[in-house]
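A short reminder: the numbers here are calculations on the coordinates, not readings from a lab. On a predicted model such as this, the values are computed, not experimentally measured, just so you know. Cβ atoms come from the backbone with ideal geometry, glycine included; neighbour counts cover every protein chain shown.
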Amino acid sequence: MDNLIVNLVEKERKRQEETLSLIPSENYASKAVRDAVGSVLANKYSEGYPGRRYYQGNSVMDEIENLAIERGKKLFKLEHMNVQPYSGSPANLAVLMALVEPGEKICGMELSSGGHLTHGHKVSVTGKWFKSVQYGVNKEGRIDCDEVLDLVKKESPKVIFAGTTAYPWAIDWKKFSKIAESVDAFLVADISHISGLVAGGVVENPADYVHIVTSTTHKSLRGPRGAFIGVTNNGLEKDESLAVKIDRAVFPGLQGGPHMNTISAMAICFEEAGSHEFAIYAKQILKNAKALAEELRAGGLKVFGTDNHLLLLDVGLEKGRETALKLENVGIVVNANTIPGDAGSAMKPSGIRLGTPAVTTRGMKEAEMKKIGKLIVRVFAGDNLDKIKSEVLSICHTYPCPN
Ligand code: DSN
């Protein structure tokens, strides 16, 4: 046994147990999911796809991958699914590899407005190898679809990403589908943040409007750290070889052997996320986010949101990092983030991002959100930090992380 690592794992378990994670992209996977990730499946190489592997000994792996695909397709209303991407960033890169040549034009939402690095941000390979045009948000922090339409008509990108990491509002998938149609572009919905909400049926599923869906599986979906790419009926109507192009881009285009331990855990999480209990969980995530936003507003803080699981707080020019640190010191874990119209920068943002998937997994409801909201307001008011910390700890003890 490697005691050094065992002790560090225990230290991290305790940290998770004794703090409140309000990071909207974090969650607690079930024991079944975690056991699958640590199972003997990690020992096997399975390059290729079910029935077409490059190594012998893959009959069980074929069954596992097919099960994950079937469950995932049903859950998200997809015609084709690839469950092999190692995470969200390679999934999005695989989509680009399948659909555009280096130097061709793509479009996505600016990182500083709540988009993602891999939707064409300038320091990402997606912004370096492709010509990237980006849309932002208006003063209220919302996407202006008319502006996106103007940009797209002017630039004619081949691929458009719709999907966010720090956007507290619903995306109008129908409008985006019309925008993409106007220039015959492929429309990709990156639902990484909201896939648990889609699975739980509490936000709209973009599958009826887009050609491709990408998502990580470890955020609101509560699965392992992995990702999938889905092709919709519209996608196959637009390009009948789209599924083949996606599969080839993932393997052998970008990756080697799939992580079959992760894929088995994905199969488990798709089953869990299709349950009645998960639908109740997803609903509670939304109720909790609204309750938290209300309490923070009542405490005089400037809140952006919320239609979904997250909200942004304006904490003053370039004060995001120091605020996140102050909150961490009392056991409330958030991340610094840019806010709409931020006069700071990604390195010195003026906001923090909060979300409710993880605390909802611990069983907390609106009453606890109000308590947490009040504690956050007290941190801003300069109240006694030791006292706040002990109140946070008491909430954590009442709502332990799932085993
Ligand atoms: N790191 C993810 C998030 O926190 O939203 C995005 O990749």
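Quick rundown of the values:
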{"read-out": "Residue in the stretch 26-37 that is within 26 Å of A162 (Cβ to Cβ) and more than 18 Å from the chain's Cα centre (by Cα) present", "value": "no"}
{"read-out": "In the stretch 109-122, residue farthest from T165 (Cα to Cα) [restricted to those that are more than 13 Å from the ligand (Cβ to nearest atom) and of a type outside the set (S, T, N, Q)]", "value": "K122"}
{"read-out": "Filter result for E12 (of a type in the set (D, E), part of a helix (DSSP H, G or I), more than 16 Å from the ligand (Cβ to nearest atom) and in contact with a Pro (Cβ under 8 Å, 6 or more places away or on another chain))", "value": "no"}
{"read-out": "Exclusive hit being within 16 Å of the ligand (Cβ to nearest atom), in contact with a strand residue (DSSP E or B) (Cβ under 8 Å, 6 or more places away or on another chain) and not hydroxyl-bearing (S, T, Y), set V133, V152, V148, V188", "value": "V188"}
{"read-out": "In the stretch 378-390, the residues that are surrounded by 17 or more Cβ atoms within 10 Å (Cβ to Cβ) and either touching a residue at least 24 places away in the same chain (Cβ under 8 Å) or acidic (D, E) (or both)", "value": "V379, F380, I388, K389"}
{"read-out": "Restricting the stretch 75-95 to residues that are more than 16 Å from the ligand (Cβ to nearest atom) and assigned to a helix (DSSP H, G or I), the residue that is surrounded by the fewest Cβ atoms within 10 Å (Cβ to Cβ)", "value": "L75"}
{"read-out": "Qualifying position, being over 27 Å from R34 (Cα atoms) and either buried (at least 24 other Cβ atoms within 10 Å of the Cβ) or among the hydroxyl-bearing types (S, T, Y) (or both), among V231, V244", "value": "V231"}
{"read-out": "All positions within the stretch 168-190 that are free of Cβ contacts under 8 Å to residues at least 60 places away in the same chain, crowded, with 22+ Cβ neighbours inside 10 Å and part of a loop (DSSP other than H, G, I, E, B)", "value": "I171"}
